[in-house]
Amino acid sequence: MMSMNPAWTEQSAIPPAFHTVPLQQSAAYHRTCAALGHKTLCLTLGDVSAPLGQAHVLFRQVPVIGTVASIIGGPIWSEHLSSIQKQTALTGLTERIKARAILITPNSADDPIARRAIPIMTPATSAIWDLRTDLRAGLCQKWRNRLVKAEASGLSIRKEPLPTAPDHWLLKTNAEQAKLKRFRPYPPTFIATWACMQGKGFTLTALHKGDPMAALLILIHGDSATYQIAWTTAEGRKVHAQNLLLFFAALTLRDQGITRLDLGILDTDLAAGLARFKLGTGAQAHTQGPTTLIGPFTRLFAK
């Protein structure tokens, strides 16, 4: 039973009760950000031994504006809270955070929107793969056929720990392809620092006669994981090497007790082929809440 006014209190680490969280609400993410010089804050709602909510907050300084706090993929709420209780707790959370402006992107479209907040970005949709199922049976037919072709292609798979150096070939290659395709990944220093801070994960490389045909990088956080980097050569695409790697990654994660794999944002307009690839695994579309802003003047525009 929720007390009348449970308080948000600062914690040094993520409570065990909330291990199934998005990447940005994980302890490893905020340890990495802190190591890179960013101010972070972990808050829990109520009794820390059985918390009712959690929010990892990241702060940054923005010219002219000042301190901006961000909560991405959160807060995380206990299933025992009602919508009204969440709304009340969210108000308390925003009052607890000391910043000129607060950006909040809820993990779910069903989560409440903070009072005095105005939406500034429409909700994003991600592909979440439940690894507790029969993985091969859950594949769509075309995806399964491509996997079979890849399995018969003679490719070998090399599994390695996460790179601890920013100049690792896969991190550099991903940064280069990001410039060409105009997307913004985490920089190589973030991945390397994640690894150095005991963050979990691994890389997989598909090889043909010793030459890399494709590679991927997985970050593990709690009992969840994120498909963070994917790279494939033209020859690798012909034999569907990324299908082979992603399916092998899913099996590996499941064997480690990981229950879900976040395959990233679905963009059916600018990357329809990639969206079909992700959903072809049997992953389900998960819609986040809209990104909202709370600032000095937002109360004039908030509903």
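Each residue in the range 260-303 was checked for being modelled with pLDDT under 90 and of a type in the set (Phe, Trp, Tyr), and 2 of them qualify. For the range 137-152, the candidate set comprises residues that are over 24 Å from the mean Cα position of the chain (by Cα) and either among the aliphatic types (A, V, I, L, M) or closer than 16 Å to residue 261 by Cβ (or both); within that set, the residue that is surrounded by the most Cβ atoms within 10 Å (Cβ to Cβ) is 150.
When residue 102 is tested against (1) at pLDDT below 90; (2) under 22 Å from the mean Cα position of the chain (by Cα), only condition (1) is not met.
Within the range 265-272, does at least one residue satisfy the condition of being more than 18 Å from the chain's Cα centre (by Cα), buried (at least 17 other Cβ atoms within 10 Å of the Cβ) and not hydrophobic (A, V, I, L, M, F, W, C)?
Checking the range 265-272: not a single residue is more than 18 Å from the chain's Cα centre (by Cα), buried (at least 17 other Cβ atoms within 10 Å of the Cβ) and not hydrophobic (A, V, I, L, M, F, W, C).
Okay, residues lined up against (1) farther than 20 Å from residue 145 by Cβ; (2) in a strand (DSSP E or B); (3) of a type in the set (Gly, Ala, Ser):
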residue	(1), (2), (3)
214	no, yes, yes
269	yes, no, no
281	no, no, no
289	yes, no, yes
293	yes, yes, no
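Can you find even one residue in the range 134-156 that is part of a strand (DSSP E or B) and modelled with pLDDT of 95 or more? Yes; the residues of the range 134-156 include at least one that is part of a strand (DSSP E or B) and modelled with pLDDT of 95 or more.
Determine if the range 82-92 includes at least one residue that is of a type in the set (Gly, Ala, Ser), closer than 19 Å to residue 24 by Cβ and in contact with a strand residue (DSSP E or B) (Cβ under 6 Å, 6 or more places away or on another chain). Checked against the condition, which is being of a type in the set (Gly, Ala, Ser), closer than 19 Å to residue 24 by Cβ and in contact with a strand residue (DSSP E or B) (Cβ under 6 Å, 6 or more places away or on another chain), the range 82-92 yields no hits at all.
Residues that are at pLDDT below 95, of a type in the set (Gly, Ala, Ser), farther than 21 Å from residue 170 by Cβ and within 16 Å of the chain's Cα centre (by Cα) do occur in the range 216-226, at least one of them. Within the range 291-303, residues that are assigned by TED's automatic domain parsing to the domain that holds residue 90 and closer than 10 Å to residue 113 by Cβ have Cβ atoms under 7 Å from residues that are at pLDDT below 70 and surrounded by fewer than 11 Cβ atoms within 10 Å (Cβ to Cβ) in no pair, counting only partners at least 6 apart in sequence or on another chain. Looking at the range 230-248, can you tell me whether even one residue there is β-branched (Val, Ile, Thr), under 17 Å from residue 23 (Cα atoms) and either at pLDDT 95 or above or assigned to a helix (DSSP H, G or I) (or both)? Scanning the range 230-248 turns up no residue that is β-branched (Val, Ile, Thr), under 17 Å from residue 23 (Cα atoms) and either at pLDDT 95 or above or assigned to a helix (DSSP H, G or I) (or both). Entry remark, the range 42-59: residues being farther than 21 Å from residue 32 by Cβ and surrounded by fewer than 18 Cβ atoms within 10 Å (Cβ to Cβ) number 4 in total.
Only one residue in 68, 21, 62 is surrounded by fewer than 16 Cβ atoms within 10 Å (Cβ to Cβ), of a type outside the set (Phe, Trp, Tyr) and not assigned by TED's automatic domain parsing to the domain that holds residue 222. Which one? After ruling out the rest, the residue left standing is 62.
The values are calculated or read from the model by the stated rules, or taken from the named source; none is laboratory data. Source: prediction; values computed, not measured. Glycine also receives a Cβ, built like all others from the backbone with ideal geometry; neighbour counts cover every protein chain displayed.
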